[in-house]
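Throughout, read-outs are computed from the coordinates displayed, never taken from laboratory work. All of these numbers come straight from a predicted model, not from anything done at the bench. Quick reminder, even Gly has a Cβ in these numbers, built from the backbone with ideal geometry, and neighbours come from all protein chains shown.
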Amino acid sequence: MKTYIHQAEFIAAPKAIGTTVPCFSRKLTVKDDQEIAKATLQISALGVYEAEIDGNRVGQFRFAPGWTEYGKRVQYQTYDVTGLVHQESVLSVLLGDGWYAGRIGRDGERDPEKIPCIIAALIVEYADGTTQTVLTDSSWQVLTTPILFSCMFDGETVDFTRELENLGNAVVLERDHDLLIPQEGEEIREIMTLSPVEEIITPKGERVLDFGQNLTGTISVCLSGKRGEMLEVSFAEVLDKDGNFYNDNYRSAKNKIFVTCPGETVNYSPVFAFQGFRYIRLDQCPAETAAQDFAAVVIHSDMERTGDFACGVEPVNKLYSNIVWGQRDNFLDVPTDCPQRDERKGWLGDAQVFCRTASYNFKVDKFFRKWLHDLALAQDAQGRMPHIVPNAFSGELNPSAAWADAATIIPLQMYMTYGDPQFLIDQYDCAKAFVDYVHKAGHEEYLWLDGTHFGDWLGLDAPYGSYKGSTDEGLIASAYFALSTMNLVKIGSAMGKDMSVYRNLYENIIEKWNETYVTGEGCLLGDTQTAYALALVFELVENKQPFADRLAALVKENGNKLKTGFVGTPYLLKALSDNGYTDVAYSLLLQTEFPSWLYPVTKGATTIWEHWDGIRPDGSMWSTDMNSYNHYAYGAVYDWIFGEALGIAPDYENPGFKHVFFTPHPDKRLGFARASLKTKYGLVAAAWHYEGDVVRYEFTVPASCTATVTIDGKSFPLGAGTHRL
């Protein structure tokens, strides 16, 4: 339909109202002698909004219009409100700070210079073919609301006894209408609700409700109490070793709910705040409100579930559940690092290591398309990338290897999973500009030695007092330089471009990398697990076997345990299984002692932790300054389970699983394994199980697709259908 919202004005409250959430209101006088054929609302905000017509909520989008590079673009939404609009209807819009002006969006502080505002157009089409429009302008009224404070970090304060005030007419703000674009990403929605599984009185006498699952969202409560009584709620992910409520890891994010009761039963849920939590503590609660009156509301981007997995080892199944929940909880319009503390940003490093797993669990093409467009807009003229997108940090861009490389890694992976060349077309210029920047950066043409890098972040071989693992930062950065250059070659080649210049660049990087970091046969500078994993998976060394032998030896010498961080962990198992050490890879996967993927499972984790020892074996907590219990990055291990244990992989020449490679690596310790993925062509699936020492396989190939199966080094083709071998 025709776009009317550009004809409207951005409007704001007429005076400073502090943290109060205002309501913008307009009475709609529609023709009473004409039948309404269709009514449409186009609406957006700098901030976050929630619209109602006569008290009926418009749409299901939470935290609309979503988070974008506000200086470059702002999404608007279009809702069919035909059934809601009547003669003398009232359109009301609540407006919060959100990501735009709130504490979450500006280096962790509320931005006093940014004024939240809304813009809207209501279009009423009549049966006689005429059209009536209602646009935001200075005629709209602005009122206070019971919401005194609402912040994504700090929670919400509501006083239902407050006397509301009409603040007068809205004021018009001069804002760039060209920033407005139609909704591009997935809507953020309330996906499910969970009831408390247990009411706990802790050793300290605290009243705590356990929802059984660490989640992103908030609470809802059927609140009863005397007028003026208070409900006060605190949130936590874990209990401490004594069973007491623990949320010191939230840092400065208060995550508090305060509600003053109106004296009658009211259904309440925060409007513009979300939390990461499993437990809530009822610091104050009216006696009339019981545990069963509370629910946890799970909120995230509305993505279709497309993948599934199960095996014969229950802790591994629980690990997979934790991976899926970690993705749900951190895919809230942008791929956030964590949902609970004073961060919740779209860190590029987390997103790139997890993007393949993400695309195998849920349909995320629309989600990443929107975010990648913001990534390209956040890039500067020199080709440099920020650490987070949308970029809420101030200061000059200073890209880090493995974070900025999201510019080449994610578009190529989306192309591989979904077979949509538009990802490559949209992101080619961004990817090329980034590779060109790295090529020019520093004093070595074919290495990336300058700049500030995060290194192997949180690597367990980190020197005392450092978050960075021991792997040489130049080795990592230059390895990623090679990877991104080859990714650019693949992206350009798929688009039909001549990429000979970048192929030559890639060969020079490989040569220089070997001269600099290969210290002997099968030996790398620093001799770390991460160094060997990158060298093998990124194909930086020609004769891989001696390096694989050394990597396997390092793992065995460490008691079949890893020492890797954010950079090395996603590639560790593949580096082993691709080079004759599948048994060692399985030993790492099935390890239950710290550090391992299954260690948090033994500690009751329901999501993926930021630290391998977020809760130490003695029950004590890792440092409070950086200890999220809902950090999805290490969940990238599902890449290996799906792509190596089950052996399912797309074909670069026929992406989107038009042609499927099945190269399973079974292990008797797992008993059986099966995985599936709904593709645009149909279901792709693989399974294997043991009968004594015999392995039985099953492969499913969608109609109109083909596959190549490789077992024990022997390959053969398969057509569409389900095949049992």
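Here are the numbers for the structure shown:
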read-out: Nearest-ten-degree value, helix 473-494 long axis tilted from longest Cα axis of the chain; value: 80
read-out: Mean separation of Cα contacts under 8 Å, 6 or more apart, over the residue count of region 307-645: relative contact order %; value: 18
read-out: Cα point-scatterer Debye curve for region 492-586, base-10 log of I(q)/I(0) at q = 0.11, 0.12, 0.19 Å⁻¹; value: -0.36, -0.42, -0.85
read-out: GluC sites (Glu not before Pro) within region 384-485: DSSP coil, no more than 15 neighbouring Cβ in 10 Å; value: 396, 444, 445
read-out: Segment residue 288-residue 181, extension gain: residue separation times 0.36 nm, minus the distance between their alpha carbons; value: 33.8 nm
read-out: Contact order relative to length of the chain, as percent, for alpha carbon pairs under 8 angstrom and 6 or more apart; value: 10
read-out: Cleavage-rule hits, trypsin sites (Lys or Arg not before Pro), region 200-259, DSSP coil, Cβ neighbours within 10 Å at most 12; value: 204, 226, 227
read-out: In degrees, nearest ten, helix 545-557 long axis to first principal axis of the chain (Cα); value: 70
read-out: Alpha carbon centroid spacing (whole Å) that separates region 617-655 from region 255-327; value: 23
read-out: Pairwise centroid distance, computed over Cα atoms, of region 478-510 with region 658-725, Å; value: 32
read-out: Nearest 10 degrees, 0 to 90: helix 422-440 Cα axis against the chain principal axis; value: 60
read-out: Spin-label pair residue 132/residue 706, simplified geometry with 7 Å Cα→Cβ offset, distance in nm; value: 6.3
read-out: Unit charges at the beta carbon, dipole of region 106-228: most positive-side option, 140, 195, 130; value: 195
read-out: For region 176-209 versus region 420-472, the gap between their alpha-carbon centres in whole angstrom; value: 34
read-out: Ranking of 268, 652 by count of other Cβ atoms within 10 Å, fewest first; value: 652, 268
read-out: Total charge dipole magnitude, the chain, about the Cα centre, Cβ charges on Lys, Arg, Asp, Glu only, Debye to nearest 20; value: 820
read-out: For region 659-724, average projected area of the Cα convex hull in nm²; value: 4.3
read-out: Measure of compaction for region 1-149 (Cα Rg per 2.2 N^0.38 Å); value: 1.06
read-out: Residue-averaged [θ]222 nm for the chain, counting only DSSP H segments that reach four residues, each worth -39500 (n - 2.57); value: -7000 deg cm²/dmol
